[in-house]
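Undergrad: Sending over a structure as structure tokens; questions will come in a sec.
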Amino acid sequence: MGLPILGETLEFLKPHSSNSMGSFLQEHCFRYGKVFKSHLFGAPTIVSCDLELNMFILHNEGKLFETSYPKPIHGILGKYSLLLVSGDLHKKLKNIAVSFSSSSKSTPEFLHWVEKLSLSMMESWKNRREVSFCKEAKTFTMNIMVKHLLSIKPEEPLAAEILHDFATYMKGFVSLPLYIPGTAYTKAVKARARLSSTVKEIIEKRKKGNAGVVAKKGEDFLDVMLSKQKLSDEETVSIVLDILLGGYETTSTLMALIVYFLGHSPNAFQTLKEEHQAIAENKKEEETLNWEDYKKMQFTCHVICEAMRCGNVVKFVHRKALQDVKFKGILIPSGWKVLPMFTAAHFDLSLHDKPLDFNPWRWIHVYMFTQDKEMSKKVTPFGGGPRLCPGAELAKIVIAFYLHHLVLSYSWKTKADDFPLALPYVEFRRGLAMEIQPADYERINVRRRRSP
């Protein structure tokens with residue numbers, strides 16, 4: 001059970017390559033098996049590295065288990081965060097997030113905006129030999145989200161302020177929870193307060209300007225929320241920040257992981273490029289990408305799924321047993337913290353052949369050459385049960401459109417000492433610095449010079 005009070009928390013949180021289990025899990029699984037007890041985050045804890053138990057925990061949310069994040073996290077996320085609330089309030093707020101994702105993913109205006117920003121980034125790299133990809137990806141995803149959600153354009157100073165505050169906000173998640181001036185935790189709490197204030201101000205202006213007006217086509221999602229949803233201002237602010245956080249942080253991190261793995265897998269890069277060449281060659285010169293094109297990006301989806309399995313954007317989630325729970329001879333005592341470890345299941349030799357290898361082909365059904373549904377059951381990159389990530393499909397579409405232009409515009413090399421670290425959220429040591437080379441594919445260069 002480790003040291004008094006601290007238990008084994010420091011060892012558990014020790015940074016390691018995100019495309020590995022890390023020494024803590026490896027050693028404990030070797031000594032005790034896939035399910036073991038420890039003392040983490042100030043509480044006695046059951047750690048599960050077993051896929052079947054993980055799914056049992058996730059699917060029994062609200063029945064046998066409940067969300068149970070450490071108290072300091074509450075100070076950063078706010079009491080109405082989707083990660084923290086439960087019951088009817090969670091259902092209500094999640095339905096709004098699902099509505100945002102569903103209404104966006106096939107909307108031509110949204111897809112055109114994603115493509116326009118992708119083309120803009122490719123153009124901005126034209127005379128550069130090296131880029132810091134993580135910074136570029138975060139700017140890209142934030143500009144998509146603030147425009148579609150709040151109608152804030154990339155060139156507006158407010159967009160840069162929101163981006164800066166979110167960067168500060170994220171650093172507080174893995175900092176020591178000391179509310180002392182100058183600490184990362186204090187800065188994160190203050191950044192969250194500034195973000196809340198910004199969104200509140202926008203809401204107040206909308207309410208004054210749109211009193212009694214029903215949202216029309218072309219208005220942003222905040223207008224839709226204010227006209228249709230009966231939420232308090234605090235709940236509205238919280239769901240807006242949750243959507244921004246999910247669409248900005250996790251999507252940009254996954255983009256960086258994909259670029260990293262493709263840089264180390266020339267065969268996957270070439271296969272991906274050929275898929276997008278075929279799509280581009282069937283487009284008219286002024287024609288933009290659309291939903292039908294996305295459905296043709298099958299290998300692209302395999303690449304995205306494999307990067308999620310190997311890179312582990314989310315390493316684990318926090319749960320607590322509501323009562324004594326028995327599962328296949330294992331007793332989880334009531335009140336104990338439970339940590340389903342997604343990473344461990346993703347690298348389980350009994351589930352995956354050569355699990356440490358980045359291999360998008362493992363997702364292809366042997367006979368049907370489509371997405372292997374059985375493979376999908378062996379991974380949990382988006383969680384599961386009632387708390388399954390509501391923006392999963394939207395993130396895939398954004399990344400697929402971006403990859404279309406990236407692989408047809410450039411090839412790249414990453415630095416040998418730059419790799420993804422689990423802190424526990426994923427961060428690259430050097431921000432994923434890349435040496436870029438223009439691609440020798442003329443048709444996409446023609447398309448890249450115009451904007452949708």
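The values are calculated or read from the model by the stated rules, or taken from the named source; none is laboratory data. This one's a predicted model, so the numbers in the text were calculated from it and none came from an experiment. Backbone-built Cβ (ideal geometry, glycine too); neighbour counts: all protein chains shown. Remember, those area values only see protein heavy atoms, side chains included, never the ligands or the DNA or RNA. Shrake-Rupley method; radii C 1.70, N 1.55, O 1.52, S 1.80 Å.
Undergrad: So which DSSP H runs in the chain come out at 15 Å plus along the axis (Cα) with average Kyte-Doolittle of at least 1.6? Kindly include the intermediate steps, with their values, before the conclusion.
TA: On the way: long enough: 87-105 (27 Å, -0.49); 108-124 (24 Å, -0.02); 133-150 (25 Å, 0.37); 157-171 (22 Å, 0.30); 184-209 (38 Å, -0.78); 233-245 (18 Å, 1.02); 251-263 (18 Å, 1.75); 266-281 (22 Å, -0.87); 298-311 (19 Å, 0.49); 392-409 (26 Å, 1.38).
Those that pass (Cα extent of 15 Å or more, hydropathy at least 1.6) are 251-263.
Undergrad: Here is a follow-up. With charges only on Cβ, +1 for K and R and -1 for D and E, what is the dipole size of the stretch 239-320 about its Cα centre, in debye, rounded to 20? Walk me through the numbers before you get to the answer.
TA: Working: 9 positive and 11 negative charges, 125 e Å.
Using only the charged Cβ atoms, the result is roughly 600 debye.
Undergrad: Quick check on packing: order 256-267, 236-247 by the mean number of other C-beta atoms within 10 Å, highest mean leading. Walk me through the intermediate numbers first.
TA: Numbers: 256-267: 20.3, 236-247: 22.5.
Packing proxy ranking, top to bottom: 236-247, 256-267.
Undergrad: Give me the dipole magnitude in Debye, nearest 20, for the chain about the Cα centre, with unit charges on the beta carbon: positive for Lys and Arg, negative for Asp and Glu. Mind showing how you got there, number by number?
TA: Working: 61 positive and 49 negative charges, 161 e Å.
Charge dipole, the chain, about its Cα centre: 780 debye, nearest 20.
Undergrad: For a quick check: with amide H placed at 1.01 Å from N, whose amide H comes under 5 Å from L421's, ignoring anything fewer than 5 positions away on the same chain?
TA: The answer is S18, E427, F428, R429.
Undergrad: Return the lysines within reach of K207: Cα separation strictly under 22 angstrom, same-chain partners fewer than 8 residues apart disregarded; answer none if there are no such residues.
TA: Result set, ordered by chain and number: K92, K147, K153, K216, K217, K228, K230.
Undergrad: For F36, enumerate residues with amide H under 5 Å from its amide H, sequence gap 5+ or separate chain, H modeled in the peptide plane.
TA: Correct list: V47, C49.
Undergrad: Also: Would you please state the base-10 log of I(q)/I(0) at q = 0.09, 0.13 1/Å for the chain, with intensities from the Debye formula using one equal scatterer on every alpha carbon?
TA: After summing over all Cα pairs, the log10 values are -0.60, -1.30.
Undergrad: Over the chain, what percent of the accessible surface lies on carbon and sulfur atoms, probe 1.4 Å?
TA: Looking at the chain in its full context, I get 55 percent from C and S.
Undergrad: Greater than 21 Å separation of Cα atoms is the criterion. Which listed pairs, K116/K295; K71/K315; K34/K326; K37/K378, meet it?
TA: Numbers: K116/K295 19 Å; K71/K315 19 Å; K34/K326 16 Å; K37/K378 23 Å.
Among K116/K295; K71/K315; K34/K326; K37/K378, the Cα-Cα distance tops 21 Å for K37/K378.
Undergrad: Same structure again: When ligands, DNA and RNA are left out and all protein chains stay put, how many square angstrom of accessible area per residue does the chain have with a 1.4 Å probe?
TA: 46
Undergrad: Sticking with this structure for a sec: Based on the mean of other Cβ atoms within 10 Å per residue, sort peptides 334-346, 87-99, 10-22 so the most packed one is first. Please list the in-between numbers first.
TA: Numbers: 334-346: 22.0, 87-99: 15.7, 10-22: 18.8.
Ranking, from highest mean packing down: 334-346, 10-22, 87-99.
Undergrad: Taking amide H positions as placed 1.01 Å from N in the peptide plane, with prolines and chain starts having none, which residues 5 or more places from G384, or on another chain, fall under 5 Å of its amide H?
TA: Amide H to amide H, under 5 Å and 5 or more residues apart or across chains, G384 pairs with C389.
Undergrad: What number, rounded to the nearest 500 deg cm²/dmol, is the helix-based mean residue ellipticity at 222 nm of the chain, given -39500 (n - 2.57) per DSSP H run of at least four residues and division by all its residues? Could the numbers behind the result be given before it?
TA: Numbers: 19 runs with 228 residues, N = 452.
Value at 222 nm, helices only, nearest 500: -15500 deg cm²/dmol.
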